[in-house]
Amino acid sequence: MKEISDLPIPASSMAGNLWPVVPGQRAAMMLALLFQLEQSQWWAPERLQAAQFRQAAEVLRHARRTVPYYGKKFDHIAWRHGQPLTAEIWSELPLLKREDIQDAGDRLHSRALPKSHGKIGTISTSGSTGKPVKVLTTDLTTAFWSACTLRGYIWRRCDFEAKLVAIRHAPIKKADYPNGGQMHLWGGADGGAVPTGPAALLSIMTPVAQQVEWLARQEATYLITYPSNLEAMLRHCQDKKIRFPTLREVQTMSELLKPSTRELCREVWDVPVTDIYTCQEVGYIALQCPGHQHYHAQSENMIIEVLKGDGSPARAGETGKVVITHLHNFASPLIRYDIGDFAEVGEPCPCGRNLPVLKRIVGRVRGMVTLPNGDQFWPFFSNRKFIEVAPVRQYQIVQKTLDSLEVNLVTDRKLVVKEEDKLRDLIAKRLGHPFAMTFSYFDEIPRGKGGKFEDFKSEL
Ligand SMILES: [Zn+2]
């Protein structure tokens, strides 16, 4: 139980009661959830899976009865409520695609949400196609979101009194440079149920030099941002020899984190990077293990399957598509939702937590290059290699057709023909095909919707 004791003590709900504290209702609920998560992470895999199926059966029954989209979809399944749900029955449930959610609209929303699940909210995500995916949330899904956030802080033994700052997508004007938004609580503190130190937020659209200047003024202990932005900040600080004496850790999210970015962060700021794997419409999928660089599935919040091309589960060392079932969303149940990511399954973790291991998140479908012979794979480029050839600050490669690429660059100066030729060779060698390439130069390569940045994307 040592990790629970690292939680900050909530305020008492009783006059004069200071220790041990009798917390109010919100804080008591959060502590009760964390207490259970602290235990279930060590459960034997069989026990964990049985508990997941017991919970999933409730979601399945509810979806069949009250969600028009699932009514007919599950007709062919022999399972009836009351019978145990098995892996075999589970594997017969059809996958839910992003397009299915878009097409279903509110037919994916429950007609009879239990009142106890509280207020309904909406998450709308803009996909690569621009057509949004709309998913409902409830107080119950939000409680699990907070619990997983807090679990991440606890795993990493964060100092809850310190200052945490985030540089990310912020649709509010209050997060603009030069001040950014100043808050008195960290995200996930469940509206104050769990006390924390202050937090601050800066919009990801702020130029990197201004981000660095802003961060220096915050005297922050923790920084949260996207991997591509961290990389840009580190490059800037490397040139100017800027360090942040109070900074203890960086947390990244939303995009793929390259091992080279972790190394660069050690080198330039001398702090570790911890990555979390989330998906906007479902929340926390996996948190980085506190002792290793791989990820632990958040099995209490969702069933995470990694499926190979033939639909069978990937084993350790194999890669497959990530399929998610939210165990607590009764407002718009997501059952076997193919979120469009690929991941590699890992071996059981020596830390002793039995939450399944994802060794690495490989990428999204649109991050794959397709060769004229039909081969597909996720390309990996090293920034260092680019810099060895030419003064490249930032790059983005877009596959336009089967044999042509567009290479967008931010450089310190205009490149000479010889440098462009060397880059062309480097990229062709990496991809294993002599693509036709056109080079374009930018002051800054614009981020996609939601502030995300992809260094390779396919428009095929
Ligand atoms: Zn572990």
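The values are calculated or read from the model by the stated rules, or taken from the named source; none is laboratory data. Only a predicted model underlies this, so the values are computations on that prediction, with no experimental measurement involved. Here the Cβ positions follow ideal geometry from the backbone for every residue, glycine too, while neighbour counts run over all protein chains shown.
Scanning the stretch 201-231 for residues that are among the small types (Gly, Ala, Ser), surrounded by 22 or more Cβ atoms within 10 Å (Cβ to Cβ) and at pLDDT 95 or above yields a single hit, ALA220. Counting the residues of the stretch 429-454 that are of a type outside the set (Val, Ile, Thr) and either more than 30 Å from LEU202 (Cα to Cα) or touching a helix residue (DSSP H, G or I) at 6+ places or on another chain (Cβ under 7 Å) (or both) gives 12.
Sort through ALA216, ALA200, ALA193 and tell me the only one that's touching a strand residue (DSSP E or B) at 6+ places or on another chain (Cβ under 6 Å) and in contact (Cβ under 8 Å) with a residue 12 or more places away in the chain. Walk me through how you get there before you give the answer.
Details: ALA216 fails: touching a strand residue (DSSP E or B) at 6+ places or on another chain (Cβ under 6 Å); ALA193 fails: touching a strand residue (DSSP E or B) at 6+ places or on another chain (Cβ under 6 Å).
Among ALA216, ALA200, ALA193, only ALA200 is touching a strand residue (DSSP E or B) at 6+ places or on another chain (Cβ under 6 Å) and in contact (Cβ under 8 Å) with a residue 12 or more places away in the chain.
Taken over the stretch 214-239, the criterion of being in a helix (DSSP H, G or I) and among the hydroxyl-bearing types (Ser, Thr, Tyr) is satisfied by SER228 alone. Of the strands (runs of 3 or more DSSP E) lying entirely inside the stretch 121-185, those containing at least 2 residues that are surrounded by 19 or more Cβ atoms within 10 Å (Cβ to Cβ) and hydrophobic (A, V, I, L, M, F, W, C) span 132-137, 164-168. Can you say whether CYS279 is away from the ligand (no atom under 16 Å from the Cβ) and modelled with pLDDT of 95 or more, as far as the supplied structure shows? When the stated conditions are applied, CYS279 does not pass them.
Within the group THR246, THR252, THR261, which residue is hydroxyl-bearing (Ser, Thr, Tyr), away from the ligand (no atom under 16 Å from the Cβ) and more than 21 Å from ARG364 (Cβ to Cβ)?
On the way: THR252 fails: more than 21 Å from ARG364 (Cβ to Cβ); THR261 fails: more than 21 Å from ARG364 (Cβ to Cβ).
None of the others qualify; the one that does is THR246.
For the stretch 421-452, a residue qualifies if it is more than 11 Å from ASN408 (Cβ to Cβ) and assigned to a loop (DSSP other than H, G, I, E, B), and the qualifying residues are GLY432, HIS433, PRO434, PHE435, ASP443, ARG447, GLY448, LYS452.
Give the stretch 382-399 a look and list any residue that's in a loop (DSSP other than H, G, I, E, B) and modelled with pLDDT under 85, or say none. Can you show your working first?
Our first condition is that a residue be in a loop (DSSP other than H, G, I, E, B); within the stretch 382-399, this holds for 382, 390-391.
The answer is SER382, and nothing else.
For the stretch 191-215, filtering for residues that are closer than 14 Å to ALA175 by Cβ and among the small types (Gly, Ala, Ser) leaves 3. Condition test on GLN49, is it under 30 Å from TRP186 (Cβ atoms) and either exposed (fewer than 12 other Cβ atoms within 10 Å of the Cβ) or modelled with pLDDT of 90 or more (or both)? No.
Residues that are touching a residue at least 40 places away in the same chain (Cβ under 8 Å) and either assigned to a loop (DSSP other than H, G, I, E, B) or surrounded by fewer than 15 Cβ atoms within 10 Å (Cβ to Cβ) (or both) within the stretch 90-106 comprise SER91, LEU93, PRO94, LEU95, LYS97, listed in sequence order. Of all residue pairs spaced 6 or more apart or on separate chains, those with beta-carbon atoms under 8 Å, a first member in the stretch 421-432 that is in contact (Cβ under 8 Å) with a residue 40 or more places away in the chain and a second member that is among the basic types (Lys, Arg) are LEU426/LYS385.
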